[in-house]
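Written below as structure tokens is the structure these notes are about.
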Amino acid sequence: MTAGDASIDALLAYLAASPSPYHASANAAARLDAAGFRRVERADEWRDLPESAYLVRGGALVAWRRAAATAAHAPWRVVGAHTDSPNLRVKPNPDTGALGWRQIAVEVYGGALINSWLDRDLGLSGRVVLADASVVLVKVDRAIARVPQLAIHLDRDVNERGLVLDKQAHLTPVWGLGSPVAGQFATWIAGLAGVAAADVRTWDLMFHDLTPPTLLGVDRELIASARLDNLCSSWCAIEALVAAPPTTDHVSVACLFDHEEVGSDSTTGAGGPLLEQVVDRLVAGASGGDTDARHRAMAGSICVSADMAHSVHPNYGERHEPGHRPLPNGGPVLKINANQRYATDAETAAHFIGCCERAGVPHQVFVSRNNMPCGSTIGPITATRLGIATVDVGIAQLSMHSARELCGAADPTMLVRALTAFYG
């Protein structure tokens with residue numbers, strides 16, 4: 001795998017251009033626009049919709065292909081992913097500081113590996129909401145802040161006892177010298193947005209590592225980047241939907257949710273009504289689309305919950321289940337948990353294995369150790385809300401939830417191929 005491969009270059013570009021969920025959904029929308037999809041709005045009347053369409057709500061996006069001749073009760077093929085990643089988010093009153101340093105108050109979002117945010121040059125991104133309720137996306141790709149670690153001379157035994165960080169006391173980034181001035185950050189943000197400071201009402205802003213995505217390794221067979229979890233899966237879902245052949249057998253859907261890293265319970269998370277409302281409206285808009293048709297459609301539907309998976313770690317082999325040790329570039333990973341932290345069961349696993357076989361790609365299996373509980377995904381949530389069969393899959397990676405993650409360079413295109421077969 002080398003730079004210049006179109007698919008890898010496109011993925012790296014998407015990762016670099018999407019430091020916030022709002023940029024991730026906007027960039028996915030731009031990809032769909034280029035492929036002939038049409039944007040629709042939630043508040044519009046959904047009549048005479050095109051076969052390929054999508055909607056955006058904040059950091060979330062739902063896109064679909066539905067041929068006009070598709071029956072109201074036709075099943076759905078859904079790929080779900082998420083656009084958010086753990087990071088440091090700017091508080092509403094951010095101007096702070098101490099001892100001659102100007103700082104920005106932040107809140108830790110999600111289950112971040114907080115030590116990975118130390119001593120990194122940080123940019124800023126997100127959205128600013130103005131007095132007229134309009135939204136401006138902001139993306140600052142220059143070093144404006146840094147969370148400095150305490151020098152080893154002042155913490156002599158840190159390497160022996162391990163680094164201990166207090167999220168409130170030790171993670172406040174510095175962005176200058178002097179005394180903090182109330183309103184200074186808001187004025188600076190207003191300038192970036194091209195508006196007067198008085199026009200800025202509030203924001204959803206977050207810091208991001210400025211190191212660009214890159215191919216890594218002597219054979220350039222790995223990808224090092226921020227936000228692989230889960231922009232890599234989001235990119236795969238959109239690419240597969242774009243590549244999916246038209247069909248009247250089922251409705252093909254890609255859902256990029258927000259707020260997975262904090263539980264998914266939001267208007268744009270998998271626990272919210274976004275996907276369910278799309279199901280209701282598309283079924284109702286089809287000929288014969290009644291409640292019975294909706295239930296028939298869901299009875300035959302299946303969802304692939306695409307999130308990143310744990311690769312076996314060469315330095316911590318004891319943390320992995322001996323019989324289930326995925327490796328990068330070994331193909332998509334089936335994620336299984338008997339306690340329903342993942343929604344995979346034997347039937348849905350068999351279905352996805354069949355997709356991999358049709359696509360000509362290998363697959364792997366991940367199961368956690370009994371004494372090491374695993375995380376969860378949107379899979380169980382979507383299965384619960386819609387009652388549809390679900391399989392959890394992903395791409396093997398290291399450094400999950402770090403500011404900088406690592407995966408195989410061949411895996412994203414293999415997952416795209418498997419998902420395209422799933423849609424086929």
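Per the conditions (1) modelled with pLDDT of 95 or more; (2) within 30 Å of Ala72 (Cβ to Cβ), the sole criterion not satisfied by Gly288 is (1). No other residue among Arg77, Arg89, Arg102 is in contact (Cβ under 8 Å) with a residue 60 or more places away in the chain, basic (Lys, Arg), buried (at least 22 other Cβ atoms within 10 Å of the Cβ) and part of a strand (DSSP E or B) apart from Arg77.
Checked against (1) closer than 17 Å to Met400 by Cβ; (2) surrounded by 24 or more Cβ atoms within 10 Å (Cβ to Cβ); (3) of a type outside the set (Lys, Arg), Val253 meets all criteria but (1).
Here the condition is being part of a helix (DSSP H, G or I), polar (S, T, N, Q) and over 30 Å from Pro173 (Cβ atoms); of Ser7, Ser25, it holds for Ser7 alone. Does Gly194 satisfy the criteria of being free of Cβ contacts under 8 Å to residues at least 24 places away in the same chain and over 19 Å from Ile104 (Cβ atoms)? The answer is no for Gly194. Taking the stretch 313-328 as the range and being crowded, with 17+ Cβ neighbours inside 10 Å and touching a helix residue (DSSP H, G or I) at 6+ places or on another chain (Cβ under 7 Å) as the test, only Pro328 passes. Note on the stretch 52-61: among residues that are among the hydrophobic types (A, V, I, L, M, F, W, C) and crowded, with 24+ Cβ neighbours inside 10 Å, the one that is nearest to the chain's Cα centre (by Cα) is Ala60.
In the set (1) surrounded by 19 or more Cβ atoms within 10 Å (Cβ to Cβ); (2) part of a loop (DSSP other than H, G, I, E, B); (3) not assigned by TED's automatic domain parsing to the domain that holds Leu275, Gly111 fails one condition alone, (1).
The number of residues in the stretch 28-64 being in a loop (DSSP other than H, G, I, E, B) and in contact with a strand residue (DSSP E or B) (Cβ under 7 Å, 6 or more places away or on another chain) comes to 7.
Where strands (runs of 3 or more DSSP E) fall entirely within the stretch 352-424, none has at least 2 residues that are crowded, with 19+ Cβ neighbours inside 10 Å and not assigned by TED's automatic domain parsing to the domain that holds Asp307. Kindly indicate whether Arg31 is under 23 Å from Val135 (Cβ atoms), basic (Lys, Arg) and surrounded by fewer than 21 Cβ atoms within 10 Å (Cβ to Cβ). Yes, satisfied. Checked against the criterion of being assigned to a loop (DSSP other than H, G, I, E, B), touching a helix residue (DSSP H, G or I) at 6+ places or on another chain (Cβ under 6 Å) and aliphatic (A, V, I, L, M), the candidates Ala68, Ala72 yield just one match: Ala72. Consider the stretch 327-351 and keep the residues that are among the hydrophobic types (A, V, I, L, M, F, W, C) and part of a strand (DSSP E or B). The one that is farthest from Ile395 (Cα to Cα) is Leu334. Restricted to the stretch 278-305, and to residues that are in contact (Cβ under 8 Å) with a residue 40 or more places away in the chain and hydroxyl-bearing (Ser, Thr, Tyr), which residue is surrounded by the most Cβ atoms within 10 Å (Cβ to Cβ)? The qualifying residue surrounded by the most Cβ atoms within 10 Å (Cβ to Cβ) is Ser305. Within the stretch 136-174, the set of residues being touching a residue at least 40 places away in the same chain (Cβ under 8 Å) and not in a loop (DSSP other than H, G, I, E, B) comprises Val136, Leu137, Val138, Lys139, Val140, Asp141, Arg142, Ala143, Ala145, Val147, Val174.
The set of residues from the stretch 120-135 being more than 23 Å from the chain's Cα centre (by Cα) and in a strand (DSSP E or B) comprises just one member, Leu130.
The values are calculated or read from the model by the stated rules, or taken from the named source; none is laboratory data. Computed from a predicted model, the values in this text were never measured in an experiment. Note that we place each Cβ from the backbone using ideal geometry, even for glycine, and neighbour counts take in every protein chain shown.
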